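To start, the structure itself, in structure tokens.
The values are calculated or read from the model by the stated rules, or taken from the named source; none is laboratory data. In this text the structure is predicted, and so the values were computed from the model without any measurement. Cβ placement follows ideal geometry from the backbone for every residue including glycine, while neighbour counts extend to all protein chains displayed.
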Amino acid sequence: MQVAAAVVQPEQRDEFELPDSHGWVRLMVDGSLGARHLVERVFRFEPGHTPDLHNETSDDVMYVVSGSGSLDAGGASIELVPGTACWVPAGVGYHIENEGPHDLVVLSVLSPPPGEPPLPEPTDDVPHRYSVHQDEQPVETAGEDRTFRLLVDPTMGCRSVTQFVGEIDAIPAPPHTHTHEEIVFVLAGDGTVEIGGEVHPIGPGTSVFLPPGVEHRLTSAGRESLELLGVFSPPGSPAAKEDGADATGSAGGSS
């Protein structure tokens, strides 16, 4: 049975206080929507620091939406500013510090979901890199008026997901499908997502859950680019898609 896609607005999800952390969390996408590989959360940290955090079997792949701070994991310190992408491997403890004065907003995706078996130990010797800023990454094209930058993926040592930022201008891609499970988070701009013939408005803070095989397309409202953060699993190329029955491989864009 095909799992349905979902469009989740932030006001549809309650924000819960995190004990002893000066933080709040909003659960956007999880298994209740049919997600098998991904759990998406939005964290908002007030000035202060979190206690030690730990995900026993899940990689935590993060992106800084706004604010600034630092993340300490396994003895390494990562500066957090808007556009920073980072990941903490399963089993590694970490904590986040916000020195203020503004809130620090971080989008987090766990994969595999908590409680699922961890990935097997790697057999290759890929050097691990735990953070990157989107401005360091080259812009790649994914069809007319669509670009993306790769962030966290297996080339950094993260074998569970591919994370990227993308922009959609005025020209929409044709409806298409993917073989992976994907969550798209709107960073800026307004637009629509068409799923199964139904059109839904999207804007900053909207999450779109796209199971494998669900036909969809995202379109900018045209006044400004639609800026997106995408995370999908299993990992691969953000440009791979299928238009109808034809696999085009490198055209069109992941979203």
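Numbers for the structure displayed
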item	result
Residue 44 being part of a strand (DSSP E or B), on the phi < 0 side of the Ramachandran plot and among the charged types (D, E, K, R)	yes
In the range 57-76, residue nearest to residue 38 (Cα to Cα) [restricted to those that are modelled with pLDDT under 95 and in a strand (DSSP E or B)]	73
Every residue from the range 123-166 that is more than 22 Å from residue 215 (Cβ to Cβ) and in a strand (DSSP E or B)	131, 132, 133, 140, 141, 147, 149, 150, 163, 165
Answer from 174, 201 - the residue that is touching a Ser or Thr at 6+ places or on another chain (Cβ under 8 Å), assigned by TED's automatic domain parsing to the domain that holds residue 227 and surrounded by fewer than 21 Cβ atoms within 10 Å (Cβ to Cβ)	201
Any hit, the range 13-23, residues being assigned to a strand (DSSP E or B) and surrounded by 18 or more Cβ atoms within 10 Å (Cβ to Cβ)	yes
Which numbered condition residue 109 misses (of (1) more than 17 Å from residue 182 (Cβ to Cβ); (2) modelled with pLDDT of 95 or more; (3) crowded, with 16+ Cβ neighbours inside 10 Å)	(1)
Which listed residue is more than 30 Å from residue 125 (Cβ to Cβ), modelled with pLDDT under 95 and of a type in the set (Gly, Ala, Ser), from 237, 254, 225	225
Which numbered condition residue 26 misses (of (1) free of Cβ contacts under 8 Å to residues at least 24 places away in the same chain; (2) more than 21 Å from residue 231 (Cβ to Cβ); (3) of a type in the set (D, E, K, R))	(2)
Answer residue from the range 76-93, given it is closer than 19 Å to residue 65 by Cα and of a type outside the set (A, V, I, L, M, F, W, C) and is surrounded by the most Cβ atoms within 10 Å (Cβ to Cβ) among those	84
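For every residue, the table says whether it meets (1) polar (S, T, N, Q); (2) surrounded by fewer than 14 Cβ atoms within 10 Å (Cβ to Cβ); (3) in the same structural domain as residue 217 (by TED's automatic domain parsing); (4) closer than 21 Å to residue 229 by Cβ.
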{"position": "2", "(1), (2), (3), (4)": "yes, yes, no, no"}
{"position": "34", "(1), (2), (3), (4)": "no, no, no, yes"}
{"position": "43", "(1), (2), (3), (4)": "no, no, no, yes"}
{"position": "55", "(1), (2), (3), (4)": "yes, no, no, yes"}
{"position": "62", "(1), (2), (3), (4)": "no, no, no, yes"}
{"position": "67", "(1), (2), (3), (4)": "no, no, no, yes"}
